[in-house]
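**Student:** Questions regarding the structure given below will be posed in turn.
Read-outs: derived from the displayed coordinates by stated rules, not from any lab. Since the model is a prediction, treat every value here as computed from it, not as a measurement. Note that we place each Cβ from the backbone using ideal geometry, even for glycine, and neighbour counts take in every protein chain shown.
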Amino acid sequence: MIRDFWGVTSGNLAGEIDLIKDKIPADQYRVLNGVRRLGNIGAHMEKDVNLIVDIDPGEAQKLVKLLELLLKDWYIARHEREELYREILVIDEKKQDERHPG
């Protein structure tokens, strides 16, 4: 989602999160890094193959809820904003034509 929405690429997820640090709220930056670190637990198990850290269903649900929130805040809100802007510009154009016919 970060690459797609923000159009950034880096050698790793941490770098991509850093690239958008100044474009998102500070709390969102912190939570994205938290999710990245949670993912590292499963992605880099080779550091201690004897240690398994479970994520319980409630914690997993919170992660899903975050994804839903980001979809809403990033994609849906952007679409709604663009649609509203387009509609207002159409209204403006129509009213300007009424104001200055011909």
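**Student:** Under a GNM of the chain (C-alpha, springs under 10 Å), which listed residue has the highest mean-square fluctuation: I76, I17, I52?
**Tutor:** Among I76, I17, I52, the largest GNM mean-square fluctuation belongs to I52.
**Student:** Still on this model: Taking R0 as 22 Å, what FRET efficiency do you get between Q61 and I41 from their Cβ-Cβ distance, rounded to the nearest 0.05?
**Tutor:** Approximately 0.80, to the nearest 0.05.
**Student:** Let me ask something additional. What angle, in degrees between 0 and 90 and rounded to the nearest 10, separates the Cα long axis of helix 26-43 from the longest principal axis of the Cα atoms of the chain?
**Tutor:** Once rounded, the angle reads 40 degrees.
**Student:** If you line up the long axis of helix 77-99 against the longest principal axis of the chain, both from Cα atoms, how many degrees apart are they, to the nearest 10?
**Tutor:** Helix 77-99 sits at roughly 10 degrees to that axis.
**Student:** Further, regarding this structure: Where Rh is the Kirkwood radius over the Cα pairs of the stretch 55-102, the temperature 20 °C and the viscosity 1.002 mPa s, what D in µm²/s does Stokes-Einstein return?
**Tutor:** Answer, rounded: 157 µm²/s.
**Student:** The chain: Rg/Rh from Cα coordinates, Kirkwood Rh?
**Tutor:** Computed over Cα atoms, the ratio is 1.23.
**Student:** Mind checking the angle between helix 57-70 and the chain's longest principal axis? C-alpha axes, 0 to 90 degrees, to the nearest 10.
**Tutor:** 30 degrees
**Student:** Now for a separate question. If r is the Cβ-Cβ distance from H79 to A14 and R0 is 22 Å, what FRET efficiency results, to the nearest 0.05?
**Tutor:** Efficiency for this residue pair is about 0.15.
**Student:** Report the charge-dipole magnitude of the chain in Debye, nearest 20, computed about the Cα centre from +1 at each Lys and Arg Cβ and -1 at each Asp and Glu Cβ.
**Tutor:** The dipole of the chain has a size of about 180 debye.
**Student:** What lysines could a cross-link reach from K21, if we take a straight Cα to Cα line under 20 Å and drop same-chain neighbours fewer than 8 places away?
**Tutor:** Reachable lysines: K72.
**Student:** Taking a cut-off of 19 Å between Cα atoms, list the aspartates and glutamates near K62, but don't count ones fewer than 8 places away on the same chain.
**Tutor:** Cross-link targets: D27, D54, D73.
**Student:** To continue, here is another question. How big is D for the stretch 1-53, in µm² s⁻¹ as a whole number, if Stokes-Einstein is applied with the Kirkwood radius of its Cα pairs at 37 °C and 0.692 mPa s?
**Tutor:** Answer, rounded: 270 µm²/s.
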